[in-house]
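Below is one structure; the comments refer to it alone.
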Amino acid sequence: MVHIGGLVIVGSQWGDEGKGKVTDIMCEKSDLVVRYQGGNNAGHTVVVGEEVFKFHLMPSGVVHGKKCCIANGVVLDPRVLMKEIKEVQKRGITVDIMIDPLTQIILPYHNELDGASEKELDDKKIGTTTRGIGPAYKDKYGRDGIRFIDLLDEKLFAKKLKKNYEHKKNILDKIYGIEIECTYEGILEEYNALADKLRKYLGDVSKEVYDSIHTKKVLFESAQGTFLDISYGTYPYVTSSHPISGAVFTDVGFPPTNLDVIAIVKAYTTRVGSGPFLCELNDEVGDHLVNVGQEFGTTTGRKRRCGWLDLVMLKYSNRINGFTDLAITKLDVLTGLEKIKVGVKYTMDGEVVNFPLTIDQLEKCIVEYKEFDGFTITGKERTYDELEENAKIYLKFIEDYLGVKISIVSIGPKRSETIIV
Ligand code: GDP
Ligand code: IMO
Ligand code: MG
C-alpha cells in the first residue's frame, strides 16, 4: 500500500492483534512514528531475524532507527521507559525519541491504587495489567496529574507530589484499608534522577506532527484495541484511554486531517482480562489457538482467551475507526483446523442486531457462524497468489463483508513472513 501523509495503525479487536509487527513493517518507509495513547499496559512484539523486541512504551519504529514520539495522550512510567531505552541501546540501536511536555506521568502510588481497586472488585475485577493506567488517567481528568514538564521542574514536582502523595495515602488507608508502600522521599529521589536522564528527550510532539503531517510520512501507533476503548469498548471491561483512530487528533494535538487507517485484524479473536466474549472457545479449538498462536500476554504473561473471528465486532470497529485497509495477522495459526468458523450475525430476542452498546445487551446476543474449509499456511508464501485457495476464500469473505481491502497478510511473526497485497 502507498503511504503518504498520516497513517494510523489501529487495533480492531481487544488488543494484541500484531500492531507491533505491522508498525515495524510499515515504518520502514516512514519518517516519524508516534505512540498516541495508553501506557505500559501495552506489549508490542517485533521479531527481526532471531531477535525479539517487546515494547511497552517505546514506539515500535525504534527498531528501524526512526524518530519516535510519545504524544501527550500517553501515560508514561519513567522507570519503564528508561529501562526500554537502555535495553534498545544495549542492542546497538540509536534511540531518537521525543516526549511531549504534556504527557502524564505514572507514579508508584498509581500501581498501588490499581492493585487495591482490583482486589476490592474481587470476582467482578476488570483484570487490569496493574500498571497504574486507570489511576493515572483518573488524575489526568481529575486535573491532579503530574505531567512530564512538571517532573522536569524539581520544585514544582516536589510540591505537586506532596499533595498527590498525601491524597493517595489517604485513599489507600481510608478506602482500601491498606498502608501505602512507596514513600514521598523515595519517589522524590528516584524520580528526580529519572527526570535528569529523560530531560534531553523533551520536545513539542504536537508541533512536530503539525509540521510534518503534509510533507512527511507519519505513522501513529495505537495501543490496545477498539473494544478496550473507554467509550466504545465493552465498558467497564476496558482500558482508560481511546485506542480508536480518531483519538490521534486530541491525543497528539493537530487538526483533523485526512489519514489512512490500517486495521490490524487477527484472523481469530483474543482477549486478556475479564468481560464478555461471544465467540470464545473453551474447547480443543481454543487450545489450538492458544498453543499454536502462543497466546500469552506480552505484558503480564497471562493466557489469552481465544475464539473465532467476529465480523459483527469488526463491522462496528470499522464504523468507529474508518478503516482504509486491513492487515490480517496470524493467518498461519489456523493451519491444522479442519473447519474454521466466523461470527457473521448477532440476534437478540430473535431480532438481528448490530454490535450492541452495553455488555448487558451483548450477553443476551446469540452469534450465528459461517463455516469455512481449513487450509495450510507454510509461512513460505510471499505473494497472495501463493496462498491456498481455501485461505483466499476466507480472506475474500472478510474483505467483502467489511467492504475494505486487505493490504497486508501476516503469516508468521518475522518480518519476512508477510505478504503485501
Ligand atoms: P500487539 O500488542 O498488537 O503489538 O501484539 P502482541 O505483540 O502483543 O501479540 C502478537 C503476537 O503474535 C506477538 O508474539 C507477535 O510476534 C506474533 N505475531 C504477529 N504476527 C504474527 C503472525 O502473522 N503469525 C504468528 N504466528 N505470530 C504473529
Ligand atoms: P496491546 O497494546 C490486550 C486490557 C487488560 C484489561 C483491560 C484494562 O499489547 O494490544 P488496564 O491495565 O489497561 O487498565 O487493563 O485492558 N489490556 C490489554 N489487552 N492488549 C493490550 O495492549 C492491553 N492493554 C490493556 O488486560 O482487560
Ligand atoms: Mg500486545
Single match in Phe296, Phe372, Phe277, Phe355 (criterion: outside the structural domain of Leu57 (by TED's automatic domain parsing), open to solvent by 10 Å² or more (accessible area, probe 1.4 Å), touching a strand residue (DSSP E or B) at 6+ places or on another chain (Cβ under 9 Å) and within 16 Å of ligand 3 (Cβ to nearest atom)): Phe296
Neighbours by Cβ (under 9 Å, 6+ apart or cross-chain): first from the stretch 44-66, on the phi > 0 side of the Ramachandran plot and part of a strand (DSSP E or B); second among the aliphatic types (A, V, I, L, M) and open to solvent by 20 Å² or more (accessible area, probe 1.4 Å): none
Sole residue being open to solvent by 70 Å² or more (accessible area, probe 1.4 Å) and within 24 Å of the chain's Cα centre (by Cα), chosen from Lys330, Lys315, Lys345: Lys315
Meets criteria (among the β-branched types (Val, Ile, Thr), assigned to a helix (DSSP H, G or I) and more than 16 Å from ligand 3 (Cβ to nearest atom)) for Ile93: no
Top-ranked residue of the stretch 136-151 - restricted to ones that are of a type outside the set (Val, Ile, Thr) and open to solvent by 20 Å² or more (accessible area, probe 1.4 Å), ranked as nearest to Leu198 (Cα to Cα): Arg147
Filter result (over 27 Å from Gly49 (Cα atoms) and open to solvent by 30 Å² or more (accessible area, probe 1.4 Å)) within the stretch 85-100: none
Answer residue from the stretch 265-287, given it is of a type outside the set (Ser, Thr, Tyr) and assigned to a strand (DSSP E or B) and is nearest to Ile244 (Cα to Cα) among those: Val265
Qualifying positions in the stretch 98-136 - in a loop (DSSP other than H, G, I, E, B) and on the phi > 0 side of the Ramachandran plot: Gly127, Thr130, Gly132
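Based on what the data block shows, is Ser212 of a type in the set (S, T, N, Q), more than 27 Å from Leu121 (Cα to Cα) and open to solvent by 20 Å² or more (accessible area, probe 1.4 Å)?
no
I need the full set of residues from the stretch 201-252 which are in a helix (DSSP H, G or I) and β-branched (Val, Ile, Thr), in order please. Show your work before the answer.
Applying the first criterion (in a helix (DSSP H, G or I)) to the stretch 201-252 yields 201, 205-212, 226-228, 247-252.
Selection gives Val205, Val209, Thr226, Val248, Thr250, Val252.
The values are calculated or read from the model by the stated rules, or taken from the named source; none is laboratory data. Please read these numbers as outputs of a predicted model, since none were measured by experiment. Glycine gets a Cβ as well: all are built from the backbone with ideal geometry, and neighbour counts include every protein chain shown. For the accessible areas, the whole protein counts, side chains as well, though only heavy atoms, and no ligand, DNA or RNA atoms are used. Shrake-Rupley method; radii C 1.70, N 1.55, O 1.52, S 1.80 Å.
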